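Below you'll find the structure, written out as structure tokens, and then a few comments.
The values are calculated or read from the model by the stated rules, or taken from the named source; none is laboratory data. Predicted model, so just to flag it, every value in this text is computed and none were measured. Every residue, glycine as well, gets a Cβ built from its backbone with ideal geometry; the counts of neighbours run over all protein chains shown.
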Amino acid sequence: MKRREFLKKSFKLGCSVGAYLAFGDQIKAFAADKKNKGLPFDLVAIKGGEPDIMFNRAIESLGGMKKFVKPNQTVVVKPNIGWDVEPERAGNTHPLLVKQIIKQCMDSGAKDVYVFDHTCDKWSRCYANSGIEAAVKDAGGKIVPGNLEKYYQEVDIPQGKRLTHAKVHELILNSDVFINVPILKSHGGTKLTISMKNLMGVVWDRGFWHRNSLNQCIADYATFRKPDLNVIDAYYVMKKNGPRGVSKADVLKMKSQIISTDMVASDTAAAKLFGMDPADIPYIGFADQLGVGSRDLSGLNIHRIVL
Amino acid sequence: MVSLTLFFAVASLFLDFNFSLPENGYDFVAYLQFIPSLLKFSLFTSLATAGFIFVILFTLMFGRVYCSFLCPLGCLQDIFAYISKKINKKEYLYSLSHLKTRYGLLITVVFIYFSGSIIGLILLDPYSNFGRILTHIAAPVVIGINNALVSALEKINLYSIYPVELKGTNLSPFFFSMTVLGLILWMSFKYGRLYCNTICPVGTFLGFLSRYSLFKIKFNLSACIKCKACERVCKSGCIDLNTQKIDFSRCVACYNCFNVCPVSGIEYQWIFQESKEQAFKDKGKRDFIIQTAAFLLTFPFSAWGVEKQRKFYKKSTVPVVRKTGITPPGSLSLKNFLNKCTACHLCVSICPTRVLQPSFVEYGLLGIMQPRMDYKISFCNYNCVACSRVCPSGAILKQDREEKKLIQLGKVKFIQENCVVYTQRTDCGACAEHCPTKAVRLVLNKKIDKRAPQIDESICVGCGACEFACPTKPHKAIYVENNPVHLKAKKPKEYKITEDVDLKGNFPF
């Protein structure tokens, strides 16, 4: 058995080295920091409407979805589908928002829109009870499982201080456009979970982050494949007992949304919206140090819409 | 045909990995399975649990119709026997009745049960053996095919069917089921229904009853031409053409004999027509009493419902020590569960999070293969009551969702010496993240200036989400300790949010 295994392993190694040499540049390992992309605003904040309406208004003010999705591109939309709870519990991204984002992508000519999350509760129940599976199918997207290790590939995170490599879902590595759609909520371990924390759902081994300084790992990963767009759902906001929540009594209907290409800026704004001081959230500071984005909102061009 | 229908119905319960079968389907199909129904009836008397009584009535009317029409293991043996007939042109002969073995095993199983252990039924109940064969051999094959199909469809960009995960650390049910399957295969291939007439306690019991049934299969002496066609197809080897007598206690009512008889020389007859059956011979009776007594004197007793100490010992700083396995929600107590569960593994195959796993020695060796909650590989979904809806023997009783959320399977315990917040001064919070009731929450510990886990046992439901989520290796810093009798958790207090939302005003940035 040993010889056969050795041969098998060297063959696989040979193949992967060959493949990397041939196709390596196509693996988007280091996404250029797409600062602004020539957009009219750095951050759009909107409140007072339903999730889909607010998204339409906000994206319009940035120049439309076509600024982010070109015809025939593949898109991966990563909402928060972590928990087996219904939408009113505010544990997962609102399904109407996910549906609207997919519709806009399809209208802009996207070839395929994929949706997934590496959930905490049982994935099939999360996908179903959050309403997101049905929303994705309605909008013509494809919802993909995230709970089998075979979908994840090992990558290096050169700027990471604690997290130096990770297994990342192939959709993140292979898609042309990456849209991050978190929901704003309280979190036991990190105080708040917003855009950067939402990225934890694209890696396989979350336990590693938890036992190796969670806040630093969140910031480290944020230096890797940055989302092309972040849409923070603050329609229903879980104000306490997050990230799972205990009951509807934890939820406040804030009917808001924040959109930006800069995760640090959007997380800072969202923290203030929540009622917390961003300086109290360690990973925002760490990410700023690593150059992921800007904490200084006064230096940004912010568009505020009240419906 | 009837038997095949029920066979596939029972099989589908175990293979339903997408949980698409309706819940009352489970009750309906399992209603007439003898041992589970009997066990459930001993828990609460009602028409809904009286399936076995109907089985007894049928048997007292027509003999062992259960064995050919209702028992899935019987149908499996018939399938093998049919294949054997096609391949080897198998023919049967009148065979020995093995009275000592049959009754010896039956009495032993009954005696063991009343001494406090269900191990006899775990090992010999035909329904449970069938269940385990399906859970550990057939289901993985079906799931493997499903997953292969998923991979194939993904290559052409179709995501309409989902992969299914299989989890499990205990291989003993697999080996046990393979052994049983091998035994059944061999016995049915060569000898037809030998298992049913030597080992199976249900078969023996119903066989005993069928000696007194109102209708029996007998020869129509005036019509029979002694062609031996019936003897050659009798899977129980109970037809003796030389004396033209049928040992009806071994007849499994498969009716092969009716099908081949060219002249209606064999038929059901009202009992008041023929002479008495062979009585249980005195010599046999004496021998088996002596053998049984000798066996029992050497048998190690297990006291009624005593929980045994089992240590889960692993290498590290502070190991997690649990007194015994944790039983599923709805099992009421360790005692009830261990006395009613025959390890058919229907709950194991239906559990969506796969937290229910067959035990090895966590309940003691006499509880081998009875399921337990394995929080190292999964946790109990807060909203789920699947196991309680399918258990046919009353080991897990039906719960409604709101009731189930207050059942306390065990209490959360914290091991500070293992927790990274204390040992490494780092933020973690995985346990508090997952807890559905916030029985563990993070609270600022001023001494270390970090938010550390704080537990409140009164609202803990023992679901194991914290233990599953805890990332420390190799020992967890938080775990669930079993409640030997399940308790009622307090409902977590709800504090309403008093904040106002300003939908018209400015943003705070």
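Looking at the structure I just gave you, is B:A489 in contact with a strand residue (DSSP E or B) (Cβ under 8 Å, 6 or more places away or on another chain), among the aliphatic types (A, V, I, L, M), more than 18 Å from B:C380 (Cα to Cα) and surrounded by 14 or more Cβ atoms within 10 Å (Cβ to Cβ)? Break it down stepwise before answering.
Values: in contact with a strand residue (DSSP E or B) (Cβ under 8 Å, 6 or more places away or on another chain): yes; among the aliphatic types (A, V, I, L, M): yes; more than 18 Å from B:C380 (Cα to Cα): no; surrounded by 14 or more Cβ atoms within 10 Å (Cβ to Cβ): yes.
Considered against the rule, which asks whether it is in contact with a strand residue (DSSP E or B) (Cβ under 8 Å, 6 or more places away or on another chain), among the aliphatic types (A, V, I, L, M), more than 18 Å from B:C380 (Cα to Cα) and surrounded by 14 or more Cβ atoms within 10 Å (Cβ to Cβ), B:A489 comes out as no.
For A:E149, are the conditions met, namely being surrounded by fewer than 24 Cβ atoms within 10 Å (Cβ to Cβ), touching a residue at least 12 places away in the same chain (Cβ under 8 Å) and either β-branched (V, I, T) or within 11 Å of chain B (Cβ to nearest Cβ) (or both)? Step through it out loud before you land on a result.
Values: surrounded by fewer than 24 Cβ atoms within 10 Å (Cβ to Cβ): yes; touching a residue at least 12 places away in the same chain (Cβ under 8 Å): yes; either β-branched (V, I, T) or within 11 Å of chain B (Cβ to nearest Cβ) (or both): yes.
It is true that A:E149 is surrounded by fewer than 24 Cβ atoms within 10 Å (Cβ to Cβ), touching a residue at least 12 places away in the same chain (Cβ under 8 Å) and either β-branched (V, I, T) or within 11 Å of chain B (Cβ to nearest Cβ) (or both).
If a residue must be surrounded by fewer than 16 Cβ atoms within 10 Å (Cβ to Cβ), of a type in the set (S, T, Y) and free of Cβ contacts under 8 Å to residues at least 40 places away in the same chain, how many such residues does segment B:137-175 contain?
2
May I ask you to verify whether A:I132 is β-branched (V, I, T) and farther than 29 Å from B:L166 by Cβ?
Considered against the rule, which asks whether it is β-branched (V, I, T) and farther than 29 Å from B:L166 by Cβ, A:I132 comes out as no.
Is segment B:27-42 home to any residue that is under 13 Å from the mean Cα position of the chain (by Cα), part of a helix (DSSP H, G or I) and closer than 30 Å to B:I145 by Cα?
So far as segment B:27-42 goes, yes, one or more of its residues are under 13 Å from the mean Cα position of the chain (by Cα), part of a helix (DSSP H, G or I) and closer than 30 Å to B:I145 by Cα.
Test each condition in (1) in a loop (DSSP other than H, G, I, E, B); (2) within 14 Å of chain B (Cβ to nearest Cβ) for A:E133 and report the one that comes out false.
(1)
Looking only at segment B:222-255, how many residues end up being touching a residue at least 40 places away in the same chain (Cβ under 8 Å), of a type in the set (A, V, I, L, M) and outside any strand (DSSP E or B)?
Selection size over segment B:222-255: 6.
Output yes when any residue across segment A:158-165 is within 10 Å of another protein chain (Cβ to nearest Cβ) and under 18 Å from the mean Cα position of the chain (by Cα), and no when none is. Spell out the reasoning first.
Filtering segment A:158-165 for residues within 10 Å of another protein chain (Cβ to nearest Cβ) gives A:162.
From the residues that got through so far, the ones that are under 18 Å from the mean Cα position of the chain (by Cα) too are none.
No; the residues of segment A:158-165 include none that is within 10 Å of another protein chain (Cβ to nearest Cβ) and under 18 Å from the mean Cα position of the chain (by Cα).
I need the full set of residues from segment B:337-391 which are within 14 Å of another protein chain (Cβ to nearest Cβ), touching a Pro at 6+ places or on another chain (Cβ under 9 Å) and within 26 Å of B:P319 (Cα to Cα), in order please.
Scanning segment B:337-391 gives B:V355, B:L356, B:C380, B:N381.
Could you pull out the residue among B:S68, B:S12 that is in the same structural domain as B:Y162 (by TED's automatic domain parsing), surrounded by 14 or more Cβ atoms within 10 Å (Cβ to Cβ) and closer than 28 Å to B:I396 by Cα?
B:S12
Sort out which residues of segment A:93-136 are over 29 Å from B:C380 (Cβ atoms), of a type outside the set (S, T, N, Q) and without any contact (Cβ under 8 Å) to a residue 60 or more places away in the chain, and write them in order of number. Steps first, answer last, please.
Pass one, segment A:93-136, residues over 29 Å from B:C380 (Cβ atoms): A:96-97, A:99-114.
Within this subset, residues satisfying the condition of being of a type outside the set (S, T, N, Q) are A:96-97, A:99, A:101-103, A:105-107, A:109-114.
Hits for segment A:93-136 are A:L96, A:K99, A:I102, A:K103, A:M106, A:D107, A:G109, A:K111, A:D112, A:V113.
Checking the condition surrounded by 14 or more Cβ atoms within 10 Å (Cβ to Cβ) and not assigned by TED's automatic domain parsing to the domain that holds B:R401, which residue from B:L442, B:L503 passes? Before you say what the answer is, go through the steps one by one.
Numbers: B:L442 fails: not assigned by TED's automatic domain parsing to the domain that holds B:R401.
From the options B:L442, B:L503, the qualifying one is B:L503.
Only one of (1) within 17 Å of A:S256 (Cα to Cα); (2) within 14 Å of chain B (Cβ to nearest Cβ); (3) not aliphatic (A, V, I, L, M) fails for A:F116. Which number is that?
Condition (1) is where A:F116 drops out.
If you go through segment B:486-509 one residue at a time, how many are aliphatic (A, V, I, L, M) and more than 21 Å from B:I455 (Cβ to Cβ)?
Looking only at segment B:486-509, we keep the residues that are aliphatic (A, V, I, L, M), and these are B:487, B:489, B:497, B:501, B:503.
If we keep only those that are more than 21 Å from B:I455 (Cβ to Cβ) too, we end up with B:497, B:501, B:503.
Number of matching residues: 3.
If you go through segment A:54-62 one residue at a time, do you hit one that is assigned to a strand (DSSP E or B), surrounded by 17 or more Cβ atoms within 10 Å (Cβ to Cβ) and among the hydrophobic types (A, V, I, L, M, F, W, C)? Walk me through it before giving the result.
First, the residues of segment A:54-62 that are assigned to a strand (DSSP E or B): none.
The answer is no; no qualifying residue exists.
Would you mind finding the one in A:K70, A:K78, A:K66 that is among the basic types (K, R), surrounded by fewer than 24 Cβ atoms within 10 Å (Cβ to Cβ) and either at pLDDT 95 or above or assigned to a helix (DSSP H, G or I) (or both)?
Working: A:K70 fails: either at pLDDT 95 or above or assigned to a helix (DSSP H, G or I) (or both); A:K78 fails: surrounded by fewer than 24 Cβ atoms within 10 Å (Cβ to Cβ).
None of the others qualify; the one that does is A:K66.
Filter segment B:456-474 for residues that are within 13 Å of another protein chain (Cβ to nearest Cβ) and buried (at least 20 other Cβ atoms within 10 Å of the Cβ) and give the result. Full working, then the answer.
The initial filter retains those residues of segment B:456-474 that are within 13 Å of another protein chain (Cβ to nearest Cβ), namely B:456, B:459-461, B:463-474.
Scanning segment B:456-474 gives B:I459, B:C460, B:V461, B:C463, B:G464, B:A465, B:C466, B:E467, B:F468, B:A469, B:C470, B:T472.
Name the residues in segment B:348-374 that are in contact with a strand residue (DSSP E or B) (Cβ under 6 Å, 6 or more places away or on another chain) and not aliphatic (A, V, I, L, M), would you?
The first filter runs over segment B:348-374 and keeps only residues in contact with a strand residue (DSSP E or B) (Cβ under 6 Å, 6 or more places away or on another chain), leaving B:348, B:355-356, B:358-359, B:362, B:369, B:371, B:374.
B:P358, B:S359, B:E362, B:P371, B:D374 - these are the residues of segment B:348-374 that are in contact with a strand residue (DSSP E or B) (Cβ under 6 Å, 6 or more places away or on another chain) and not aliphatic (A, V, I, L, M).
Could we say that B:F258 is in a helix (DSSP H, G or I), surrounded by fewer than 24 Cβ atoms within 10 Å (Cβ to Cβ) and at pLDDT 90 or above here? Let's see the steps before the verdict.
On the way: in a helix (DSSP H, G or I): yes; surrounded by fewer than 24 Cβ atoms within 10 Å (Cβ to Cβ): yes; at pLDDT 90 or above: no.
So B:F258 does not fit the description; no.
Mind telling me which of the residues A:K47, A:K99 ends up being at pLDDT below 95, out of contact with any His (no Cβ under 6 Å at 6 or more places or on another chain), crowded, with 21+ Cβ neighbours inside 10 Å and among the basic types (K, R)? It would help to see each step written out before you state the result.
Details: A:K99 fails: at pLDDT below 95.
So the residue among A:K47, A:K99 that is at pLDDT below 95, out of contact with any His (no Cβ under 6 Å at 6 or more places or on another chain), crowded, with 21+ Cβ neighbours inside 10 Å and among the basic types (K, R) is A:K47.
I'm checking my understanding of the structure. Among residues of segment B:189-245 that are out of contact with any Phe, Trp or Tyr (no Cβ under 6 Å at 6 or more places or on another chain) and aromatic (F, W, Y), which one is surrounded by the fewest Cβ atoms within 10 Å (Cβ to Cβ)?
B:Y212
Where in segment A:183-290 are there helices (runs of 4 or more DSSP H), lying wholly inside it, with at least 1 residues that are over 30 Å from B:A477 (Cα atoms), out of contact with any Ser or Thr (no Cβ under 6 Å at 6 or more places or on another chain) and more than 8 Å from every other protein chain (Cβ to nearest Cβ)?
On the way: elements: A:195-198, A:206-211, A:214-221, A:263-274, A:282-289.
It comes to A:263-274, A:282-289.
Residue check, B:S378 against (1) farther than 22 Å from A:D84 by Cβ; (2) in contact with a Ser or Thr (Cβ under 6 Å, 6 or more places away or on another chain), all met but one. Which one?
The single condition B:S378 does not satisfy is (1).
What pairs come out if I take residues in segment A:158-179 that are within 16 Å of A:G201 (Cα to Cα) and pair them with residues that are basic (K, R) and at pLDDT below 90 whose C-beta lies under 7 Å away, six or more apart or interchain?
That search, which allows pairs on different chains as well, returns A:L173/A:K28.
Filter segment B:483-509 for residues that are among the β-branched types (V, I, T) and not in a strand (DSSP E or B); which is farthest from the other protein chains (Cβ to nearest Cβ)? Please lay out each step first, then the result.
Looking only at segment B:483-509, we keep the residues that are among the β-branched types (V, I, T), and these are B:485, B:497-498, B:501.
Within this subset, residues satisfying the condition of being not in a strand (DSSP E or B) are B:497-498, B:501.
On the way: B:I497: 5, B:T498: 10, B:V501: 5 Å.
That would be B:T498.
Condition first: polar (S, T, N, Q), assigned by TED's automatic domain parsing to the domain that holds B:I145 and in contact with a Phe, Trp or Tyr (Cβ under 7 Å, 6 or more places away or on another chain). Can you find one or more residues in segment B:43-59 that meet it?
Start the filter on segment B:43-59 by keeping residues that are polar (S, T, N, Q), which leaves B:45-46, B:49, B:59.
Those left that are additionally assigned by TED's automatic domain parsing to the domain that holds B:I145: B:45-46, B:49, B:59.
Now drop any that are not in contact with a Phe, Trp or Tyr (Cβ under 7 Å, 6 or more places away or on another chain), which leaves B:49, B:59.
Checking segment B:43-59: at least one residue is polar (S, T, N, Q), assigned by TED's automatic domain parsing to the domain that holds B:I145 and in contact with a Phe, Trp or Tyr (Cβ under 7 Å, 6 or more places away or on another chain).
Residues are listed down the side, and each one gets a yes or a no for (1) within 13 Å of chain A (Cβ to nearest Cβ); (2) out of contact with any strand residue (DSSP E or B) (no Cβ under 6 Å at 6 or more places or on another chain):
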residue: B:G394; (1), (2): no, yes
residue: B:K398; (1), (2): no, yes
residue: B:L406; (1), (2): no, no
residue: B:V412; (1), (2): no, no
residue: B:I415; (1), (2): no, yes
residue: B:Q424; (1), (2): yes, yes
residue: B:C428; (1), (2): yes, yes
residue: B:K450; (1), (2): yes, yes
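Among the listed residues B:P436, B:P508, B:P484, which satisfies the condition of being under 32 Å from the mean Cα position of the chain (by Cα) and either surrounded by fewer than 17 Cβ atoms within 10 Å (Cβ to Cβ) or of a type in the set (F, W, Y) (or both)?
Working: B:P436 fails: either surrounded by fewer than 17 Cβ atoms within 10 Å (Cβ to Cβ) or of a type in the set (F, W, Y) (or both); B:P508 fails: under 32 Å from the mean Cα position of the chain (by Cα).
Being under 32 Å from the mean Cα position of the chain (by Cα) and either surrounded by fewer than 17 Cβ atoms within 10 Å (Cβ to Cβ) or of a type in the set (F, W, Y) (or both) holds for just one of B:P436, B:P508, B:P484, which is B:P484.
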